[in-house]
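The values are calculated or read from the model by the stated rules, or taken from the named source; none is laboratory data. All figures in this text were calculated on a predicted structure; none of them were measured in a lab. For neighbour counting, all protein chains shown are included, and Cβ atoms are generated from backbone atoms with ideal geometry for every residue, glycine included. These accessible areas exclude ligands, DNA and RNA; they are computed on the full protein's heavy atoms, side chains included. Shrake-Rupley method; radii C 1.70, N 1.55, O 1.52, S 1.80 Å.
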Amino acid sequence: MGAGGGLTRKIGIVAAGRAANTFSVLAVTVLIADAWTRDQCGLFAAVWVLGNALVPIFLLGLPTSVLYFFPRRQNPRALTGQAAFCLLVSGGLLVGVLQLWGPQLSVWLTENAGHAAALDRYLWPFLPYVFSLVAGGYAEAALVASGRETWAAALQLALGVGLVVGGVAALFFGWSPVEVLTFFSVLGLMRLVVAGWLVYRALGGGGGWWTGERFGELIAYTRPIGFNDAVGSLSRYIDRFVVMFAFGAGATFAEYHFGALEVPVSLLLAAVVTVLVPEISRLFQAGRLDDIHALWQGAVSRLALVVLPLFAFLLVFAEPLISLLYPDYARSIWVFRIYILVLPLRCAIYNPLLVGMGKARWALWGSLGDLGCNLALSLALVSYLLGARPEWAFLGPALATVCSTYLQVIFLLTAIGRHLRWGLAQLLPWGQLLRLGLGAAGAALASRWLGAGVGGDFWQLAAGGVCFVGLMGVLVWTNPHDRAQWKQTLAALLGSRS
């Protein structure tokens, strides 16, 4: 297989590592939902969300910058050393900010005095974990760019297993939230040390790890990316902060957080970004716009084979899925269903394409618009629903997130078409997306009908899943283009060569 197959295999390896980590986080939420009270789950989720919202801000865009400059620099060790030093300092600043403003932030996020005190108490043992995520943020980018994507995936897998151990300890050994968060921090610090050692091995020993040469170029490039990542992170979590502010960091927040599941396809997208940004950077520098178009269209076509069927299945089977994972959180089903409506947009990457071409400012404007729209619409919907239907007011931010995301994607597609001189018809393989979407919807509805009377939630999911996979297999296999794309993807992931 050619370069495309090699890239697909890289994407698959990176995605596998991130999938292990994200599935472990899902497993932890399922375990703690059984182990702790609703208020404890809500407070734990609030600390988790706060930390994960701030980490991308303090990463400063440096992981993406490492991916961008790695193929352009003769001395990648100096580039990696500069990024590692900056992130070490940034991680320390994050801890300092949370130590200084943590109590005030806890009070601001929830009006319940008891919740505010507990949130503050949960935050302190979590600080080393947050620090480790920032300080080690350069590692995955350096490992992938140096051809050690399997090492990066193994690192993610090890962390994921450790997180699950913490959840198991909560359920079976009665660990409290503070004990689990402390355990996560120990895991994070261990991962930081191992990541540094792996990067050192990947890039070779010796000198040249620090020099001021071209440091200004790195900072100048990373500044708009870091700002864009910060805005994007706030956009991603702003709905949760609105729910926390309006309803407190307790039971209602737990219901919202458990329903706002991160669908695993986002991991595949993140892996696509990690692998394609340096490739797009190289092609754009050489003026090979047609190759960028082919690369992007190929990525969209292959992502659609996964994303659209997954969207249809999850939307139709939302009730048995959430009921199985969180039996006591029935209202989470509606949050999940609303969130799923964003999934079809994940057939493509948008911001990273602009970043890879050096057009990060356009991505920034899109993220700023998304943040402003999301915040305004979230507050407006919560305010309206509190008066009209108070029992469903907590769904307002989820609806706002979906609307603002669609508006952002429209803006980004317009920007991409302008810079690459592509017309609307060239932007996406519209015919394939429509055909796959309709076929997946029909297969999901038929599968739900066939599995409806099987029994409990698990057996409905199992029977419906088998039917759905079979129907989708027939649809994909009977279409020559889809069949070829699927076979190429599998061959690339398995490392075959043609």
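For Gly451, indicate whether it is under 26 Å from Ser323 (Cα atoms) and not polar (S, T, N, Q). When the stated conditions are applied, Gly451 passes them.
Out of Val275, Val300, Val242, one residue alone is at pLDDT 85 or above, open to solvent by less than 20 Å² (accessible area, probe 1.4 Å) and assigned to a helix (DSSP H, G or I). It is Val242. Residues in the stretch 286-297 that are hydrophobic (A, V, I, L, M, F, W, C) and part of a helix (DSSP H, G or I) were compared, and the one that is farthest from Phe258 (Cα to Cα) is Leu289.
Report yes if some residue within the stretch 309-316 is surrounded by 19 or more Cβ atoms within 10 Å (Cβ to Cβ) and in a loop (DSSP other than H, G, I, E, B); otherwise report no. Within the stretch 309-316 (the criterion being surrounded by 19 or more Cβ atoms within 10 Å (Cβ to Cβ) and in a loop (DSSP other than H, G, I, E, B)), the answer is no, since none of the residues qualifies. Here Phe183 passes the criteria (1) more than 30 Å from Tyr350 (Cα to Cα); (2) open to solvent by 40 Å² or more (accessible area, probe 1.4 Å); (3) under 19 Å from the mean Cα position of the chain (by Cα); (4) not polar (S, T, N, Q) except the one numbered (3). Taking (1) open to solvent by 10 Å² or more (accessible area, probe 1.4 Å); (2) touching a Cys at 6+ places or on another chain (Cβ under 6 Å) in turn, Gly423 satisfies each apart from (2).
Under the condition of being in contact (Cβ under 8 Å) with a residue 12 or more places away in the chain and open to solvent by 20 Å² or more (accessible area, probe 1.4 Å), the residues counted in the stretch 220-236 number 8. For the stretch 329-353, taking the residues that are within 17 Å of the chain's Cα centre (by Cα) and open to solvent by 30 Å² or more (accessible area, probe 1.4 Å), the one that is modelled with the highest pLDDT is identified as Leu341.
Look through Leu438, Leu450, Leu407, Leu471 and report the one residue that is more than 15 Å from Phe313 (Cα to Cα), open to solvent by 30 Å² or more (accessible area, probe 1.4 Å) and part of a helix (DSSP H, G or I). Result: Leu407 is the single residue among Leu438, Leu450, Leu407, Leu471 that is more than 15 Å from Phe313 (Cα to Cα), open to solvent by 30 Å² or more (accessible area, probe 1.4 Å) and part of a helix (DSSP H, G or I).
Please find, among Thr405, Thr401, the residue that is touching a Phe, Trp or Tyr at 6+ places or on another chain (Cβ under 9 Å) and at pLDDT 90 or above.
Only one candidate qualifies: Thr401.
Annotation note: of Gly366, Gly372, Gly356, Gly396, the sole residue that is under 23 Å from the mean Cα position of the chain (by Cα), more than 19 Å from Ile338 (Cβ to Cβ) and modelled with pLDDT of 90 or more is Gly372.
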